[in-house]
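Structure first, commentary second.
The values are calculated or read from the model by the stated rules, or taken from the named source; none is laboratory data. Quantities reported herein were computed from a predicted structural model and do not represent experimental measurements. As a convention, Cβ positions derive from the backbone with ideal geometry for all residues, glycine included, and neighbour counts pool all protein chains shown.
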Amino acid sequence: MSTTRQPLHNWVWPGVVFVVIAVILVMDWRLASIAAVWLIAWMINTILARNETTGASILVPVIFGLTLLTLWELAVRLFEVSPVILPAPTEIAVAFGANTSTLWADFVQTIIRGALVGYVIGCGAAFVTALAIDRSSFLERGLLPVGNFIAVLPIVGTAPIFVMWFGFGPSSKIAVVVAMVFFPMLINAVQGLKASEAMQRDLMHTYAANYWQSLIKLRLPTALPFLFNGLKICTTLALIGAIVAEFFGSPTVGMGFRIKIEVGRLAMDMVWAEITVAAIAGSGFYGLIALLERELTFWHPSQRRG
């Protein structure tokens, strides 16, 4: 007599409910409250995830993020965690609202004048260098190993050197960002320029296309997924490089400078406010590049839905 195996998801919810009931019975009421909020949010998101509408796809990550903030708030309040150890989200929000002018000045100094400028210069220089490497096997064999070596150098070791070379202004932060984004972008660009197939290149040769015609009409479109992969990686590296560089020398403004000063004052709510600005800026920057990638590489299998 054959038996049918129950799907795995039919056993998930009974197990979850059992675990939550055990937590409520065994642990104290504070953990029970946190577990109850987590369970309710999980049930709501599970129901919404089955709905394939656009509204549901937006609500799922929103509810997930709000749930994390709620759990964070409950844990800090119920267990009376010291603000020096971990401030509550509401305290961070108050510090954010009370210091918007300072946060904006730090954002402009670090993101706009440092990270963004260094990102454009570094990625642009990497792309031009990749074109030169594509034309010269000597450069490929000689430069890429050196680039891999420099790329693994720790930023905490190179940042003070750049500060000593270029001073405490934005120039040193730009130099650090250029050094961090150049070689990851270079490697992706070089690989992208090699992504076209031999049959496609032979077809362009049959049409009597020269190097630049083949580059523009075949190899660059084929390289776009690699180029955007490098651009997305470098968004995070640029932000990290600009902030860390300010720890080793900066004028009296900047996100890295502010974090260092506020940590010394034990004003952790302000530190987390700066981290929030960095997270929003980094997510927005990454999302902008991803949106541009979707528009320009709609033909690539990675962008197809369903």
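Overview of results
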read-out	value
Where ALA115 falls short, out of the listed (1) aliphatic (A, V, I, L, M); (2) at pLDDT 85 or above; (3) in contact with a helix residue (DSSP H, G or I) (Cβ under 7 Å, 6 or more places away or on another chain); (4) more than 26 Å from VAL277 (Cα to Cα)	(4)
Any hit, segment 127-146, residues being at pLDDT below 85 and under 20 Å from the mean Cα position of the chain (by Cα)	no
Segment 256-277, residues that are part of a helix (DSSP H, G or I) and free of Cβ contacts under 8 Å to residues at least 40 places away in the same chain	ILE259, LYS260, ILE261, GLU262, VAL263, GLY264, VAL271, ILE275
From the options ILE155, ILE174, residue that is at pLDDT 85 or above and assigned by TED's automatic domain parsing to the domain that holds VAL120	ILE174
Yes/no for ALA290 being outside the structural domain of GLY65 (by TED's automatic domain parsing), of a type in the set (Gly, Ala, Ser) and buried (at least 16 other Cβ atoms within 10 Å of the Cβ)	no
Condition met for VAL253 (in contact (Cβ under 8 Å) with a residue 60 or more places away in the chain and β-branched (Val, Ile, Thr))	yes
Of the criteria (1) surrounded by 15 or more Cβ atoms within 10 Å (Cβ to Cβ); (2) more than 27 Å from LYS217 (Cα to Cα), which one GLN191 fails	(2)
Extreme residue, nearest to SER283 (Cα to Cα), among residues of segment 109-126 that are surrounded by 14 or more Cβ atoms within 10 Å (Cβ to Cβ) and of a type in the set (Val, Ile, Thr)	ILE111
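Conditions tested, residue by residue: (1) of a type in the set (A, V, I, L, M, F, W, C); (2) more than 18 Å from GLY256 (Cβ to Cβ); (3) in contact with a strand residue (DSSP E or B) (Cβ under 9 Å, 6 or more places away or on another chain).
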site: PRO83; (1), (2), (3): no, yes, no
site: ALA98; (1), (2), (3): yes, yes, no
site: ILE111; (1), (2), (3): yes, no, no
site: VAL117; (1), (2), (3): yes, no, no
site: ASN148; (1), (2), (3): no, yes, no
